[in-house]
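One structure below.
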Amino acid sequence: MTAGLAPVIAATTHWLARAYPSDGGPAQAARVLAQARQAATLAAWLRYPTETDAGLLSMLGPGGTAGLDRAVRADEYDGDRESERVWRGWVDEVVASWAACLLSDARLTADALTAVADCEHAAGGAHDFARLVEPDAEDRRAAALLRHPDLVAPVANLHRALLIERLRLDPVEVA
(Lines give C-alpha, C1' and ligand atoms only; values in the text may rest on other atoms or scores of the structure.)
Protein backbone atom coordinates (compact mmCIF):
# COMPACT_ATOMS: atom_id res chain seq x y z
CA MET A 1 0.00 0.00 0.00
CA THR A 2 1.21 3.48 -0.77
CA ALA A 3 2.39 5.19 2.39
CA GLY A 4 0.31 8.26 1.54
CA LEU A 5 -2.93 6.31 1.88
CA ALA A 6 -2.11 4.61 5.20
CA PRO A 7 -3.15 7.49 7.50
CA VAL A 8 -6.33 8.12 5.49
CA ILE A 9 -7.31 4.45 5.58
CA ALA A 10 -6.56 4.19 9.30
CA ALA A 11 -8.44 7.37 10.24
CA THR A 12 -11.41 6.60 8.01
CA THR A 13 -11.57 3.07 9.43
CA HIS A 14 -11.54 4.52 12.94
CA TRP A 15 -14.32 6.98 12.12
CA LEU A 16 -16.52 4.27 10.57
CA ALA A 17 -16.03 1.95 13.55
CA ARG A 18 -16.91 4.75 15.98
CA ALA A 19 -19.93 5.90 13.98
CA TYR A 20 -21.28 2.34 13.56
CA PRO A 21 -19.93 0.32 16.51
CA SER A 22 -20.53 -3.27 17.42
CA ASP A 23 -22.73 -3.93 20.42
CA GLY A 24 -20.50 -6.81 21.47
CA GLY A 25 -17.17 -7.14 23.17
CA PRO A 26 -13.60 -6.81 21.92
CA ALA A 27 -13.83 -9.70 19.44
CA GLN A 28 -16.82 -8.15 17.71
CA ALA A 29 -15.18 -4.72 17.75
CA ALA A 30 -12.17 -6.28 16.00
CA ARG A 31 -14.47 -7.76 13.35
CA VAL A 32 -16.02 -4.34 12.75
CA LEU A 33 -12.57 -2.79 12.41
CA ALA A 34 -11.46 -5.48 9.94
CA GLN A 35 -14.51 -4.95 7.74
CA ALA A 36 -14.26 -1.16 7.93
CA ARG A 37 -10.54 -1.31 7.09
CA GLN A 38 -11.12 -3.50 4.05
CA ALA A 39 -13.90 -1.19 2.82
CA ALA A 40 -11.82 1.94 3.47
CA THR A 41 -8.83 0.39 1.69
CA LEU A 42 -10.86 -0.51 -1.37
CA ALA A 43 -12.54 2.92 -1.39
CA ALA A 44 -9.17 4.70 -1.05
CA TRP A 45 -7.71 2.69 -3.92
CA LEU A 46 -10.68 3.70 -6.06
CA ARG A 47 -10.48 7.36 -5.05
CA TYR A 48 -6.67 7.62 -5.35
CA PRO A 49 -5.69 4.90 -7.87
CA THR A 50 -2.09 5.99 -8.48
CA GLU A 51 0.86 6.69 -6.26
CA THR A 52 0.83 10.23 -7.64
CA ASP A 53 -2.77 10.64 -6.44
CA ALA A 54 -1.79 9.33 -3.01
CA GLY A 55 1.21 11.66 -2.91
CA LEU A 56 -0.96 14.67 -3.71
CA LEU A 57 -3.37 13.59 -0.98
CA SER A 58 -0.48 13.51 1.50
CA MET A 59 0.47 17.06 0.56
CA LEU A 60 -3.04 18.54 0.50
CA GLY A 61 -4.78 16.52 3.18
CA PRO A 62 -8.11 14.74 2.97
CA GLY A 63 -10.44 17.24 4.64
CA GLY A 64 -11.59 15.75 7.92
CA THR A 65 -14.82 14.62 9.54
CA ALA A 66 -16.98 17.75 9.69
CA GLY A 67 -19.36 16.74 6.89
CA LEU A 68 -19.53 13.14 8.07
CA ASP A 69 -20.22 14.18 11.66
CA ARG A 70 -23.09 16.37 10.43
CA ALA A 71 -24.46 13.49 8.32
CA VAL A 72 -24.66 11.17 11.33
CA ARG A 73 -25.51 13.98 13.72
CA ALA A 74 -22.51 13.17 15.89
CA ASP A 75 -22.33 15.48 18.86
CA GLU A 76 -19.87 13.65 21.09
CA TYR A 77 -16.80 15.01 19.30
CA ASP A 78 -14.59 16.95 21.68
CA GLY A 79 -12.93 19.43 19.34
CA ASP A 80 -10.70 20.72 22.11
CA ARG A 81 -8.73 17.49 22.47
CA GLU A 82 -5.60 17.51 20.33
CA SER A 83 -5.68 13.75 19.79
CA GLU A 84 -9.21 13.99 18.35
CA ARG A 85 -8.26 16.81 15.97
CA VAL A 86 -5.23 14.94 14.64
CA TRP A 87 -6.87 11.68 13.58
CA ARG A 88 -10.11 13.38 12.48
CA GLY A 89 -8.12 15.58 10.11
CA TRP A 90 -6.99 12.49 8.18
CA VAL A 91 -10.49 11.16 7.49
CA ASP A 92 -11.52 11.46 3.86
CA GLU A 93 -15.25 12.11 3.46
CA VAL A 94 -15.43 10.57 -0.01
CA VAL A 95 -13.52 7.46 1.08
CA ALA A 96 -15.84 7.06 4.09
CA SER A 97 -18.91 7.51 1.91
CA TRP A 98 -17.67 5.01 -0.67
CA ALA A 99 -16.72 2.55 2.08
CA ALA A 100 -20.27 2.81 3.46
CA CYS A 101 -21.59 2.09 -0.04
CA LEU A 102 -19.33 -0.95 -0.35
CA LEU A 103 -20.29 -2.30 3.06
CA SER A 104 -24.00 -2.05 2.30
CA ASP A 105 -24.12 -3.07 -1.38
CA ALA A 106 -22.50 -6.32 -2.57
CA ARG A 107 -22.86 -5.39 -6.25
CA LEU A 108 -20.90 -2.17 -5.81
CA THR A 109 -18.24 -4.12 -3.92
CA ALA A 110 -17.85 -6.62 -6.76
CA ASP A 111 -17.62 -3.82 -9.32
CA ALA A 112 -15.11 -1.96 -7.14
CA LEU A 113 -12.87 -5.03 -6.84
CA THR A 114 -12.88 -5.36 -10.61
CA ALA A 115 -12.05 -1.67 -11.00
CA VAL A 116 -8.99 -1.80 -8.71
CA ALA A 117 -7.63 -5.09 -10.01
CA ASP A 118 -5.00 -3.28 -12.07
CA CYS A 119 -4.46 -0.15 -9.97
CA GLU A 120 -0.95 0.62 -8.72
CA HIS A 121 -1.84 -0.15 -5.10
CA ALA A 122 -2.98 -3.69 -5.93
CA ALA A 123 0.25 -4.52 -7.77
CA GLY A 124 2.78 -6.71 -6.09
CA GLY A 125 0.71 -9.11 -4.09
CA ALA A 126 -2.55 -10.65 -3.09
CA HIS A 127 -4.92 -8.59 -1.00
CA ASP A 128 -7.56 -10.05 1.25
CA PHE A 129 -11.01 -8.51 1.07
CA ALA A 130 -12.81 -11.64 2.29
CA ARG A 131 -14.50 -10.01 5.29
CA LEU A 132 -15.84 -7.30 3.01
CA VAL A 133 -16.90 -9.57 0.14
CA GLU A 134 -18.01 -12.70 1.99
CA PRO A 135 -18.55 -11.93 5.66
CA ASP A 136 -19.42 -14.92 7.79
CA ALA A 137 -22.31 -14.95 10.25
CA GLU A 138 -20.15 -13.55 13.08
CA ASP A 139 -18.87 -10.74 10.84
CA ARG A 140 -22.43 -9.84 9.87
CA ARG A 141 -23.62 -9.93 13.46
CA ALA A 142 -20.72 -7.79 14.65
CA ALA A 143 -21.17 -5.22 11.87
CA ALA A 144 -24.96 -5.12 11.83
CA LEU A 145 -24.97 -1.32 12.11
CA LEU A 146 -22.04 -0.81 9.72
CA ARG A 147 -23.64 -2.93 6.99
CA HIS A 148 -27.27 -1.82 7.37
CA PRO A 149 -28.21 0.11 4.19
CA ASP A 150 -30.72 2.37 5.94
CA LEU A 151 -28.39 3.24 8.80
CA VAL A 152 -25.36 4.04 6.62
CA ALA A 153 -27.46 5.85 3.99
CA PRO A 154 -26.73 9.37 5.31
CA VAL A 155 -23.01 8.73 4.81
CA ALA A 156 -23.24 6.49 1.73
CA ASN A 157 -25.51 8.93 -0.11
CA LEU A 158 -23.06 11.82 0.30
CA HIS A 159 -20.93 10.57 -2.60
CA ARG A 160 -22.74 7.49 -3.98
CA ALA A 161 -23.27 9.17 -7.38
CA LEU A 162 -19.54 9.86 -7.64
CA LEU A 163 -18.78 6.19 -6.89
CA ILE A 164 -21.25 5.03 -9.52
CA GLU A 165 -19.63 7.41 -11.99
CA ARG A 166 -16.14 6.19 -11.04
CA LEU A 167 -17.22 2.58 -11.56
CA ARG A 168 -18.82 3.55 -14.90
CA LEU A 169 -22.14 2.02 -13.93
CA ASP A 170 -25.59 2.97 -15.14
CA PRO A 171 -27.18 4.97 -12.28
CA VAL A 172 -30.64 3.61 -13.18
CA GLU A 173 -29.47 -0.01 -12.89
CA VAL A 174 -27.75 0.60 -9.55
CA ALA A 175 -30.80 2.26 -7.99
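Key figures for this structure:
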read-out	value
Cα shape, region 47-120, gyration tensor, a/c 1.5 rule	oblate
Charge dipole of region 1-112 about the Cα centre (unit charges at C-beta), most positive-ward option of Leu5, Trp90, Ala29	Ala29
Magnitude of the charge dipole, region 135-175, Cβ model with Lys/Arg +1 and Asp/Glu -1, debye to 20	100 debye
Cα gyration tensor shape for the chain, rounded if a/c is under 1.5, else prolate or oblate	rounded
Accessible area (Å², 1.4 Å probe, nearest 10) - Cys119	10 Å²
Computed E for Glu173/Cys119 - FRET, C-beta separation, R0 30 angstrom, nearest 0.05	0.80
Per residue accessible area of the chain, 1.4 Å probe, in Å²	50 Å²
Gyration tensor (alpha-carbon) shape descriptor, region 89-175, a/c threshold 1.5	rounded
Arg85 paired with Glu51, simple spin-label distance in nm, labels 7 Å along Cα-to-beta-carbon	3.4 nm
Most fluctuating residue given options His127, His14, His159, as computed from a GNM of the chain linking Cα atoms under 10 Å	His127
Highest-fluctuation residue, Ala123, Ala39, Ala144 considered, GNM on the chain with Cα pairs under 10 Å	Ala123
Gaussian network model of the chain, springs between alpha carbon atoms under 10 Å - residue of Leu146, Leu132, Leu57 with greatest fluctuation	Leu57
With every protein chain in place, region 103-175: carbon and sulfur % of accessible area (1.4 Å)	53 percent
Sparse-neighbourhood loop sites, trypsin sites (Lys or Arg not before Pro) in region 85-175 - DSSP loop, at most 12 other Cβ within 10 angstrom	Arg168
Accessible surface, 1.4 Å probe, highest first, among residues Glu138, Glu82, Glu165	Glu165, Glu82, Glu138
Contour minus Cα-Cα distance for Ala110 and Arg141 (0.36 nm per residue)	9.0 nm
Accessible area of Val86 in the full protein assembly, 1.4 Å probe (Å², nearest 10)	80 Å²
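The values are calculated or read from the model by the stated rules, or taken from the named source; none is laboratory data. Not measured: the values here are computed from a predicted model. Backbone-built Cβ (ideal geometry, glycine too); neighbour counts: all protein chains shown. Surface accessibility is based on the protein's heavy atoms, side chains included, excluding ligands, DNA and RNA. Shrake-Rupley method; radii C 1.70, N 1.55, O 1.52, S 1.80 Å.
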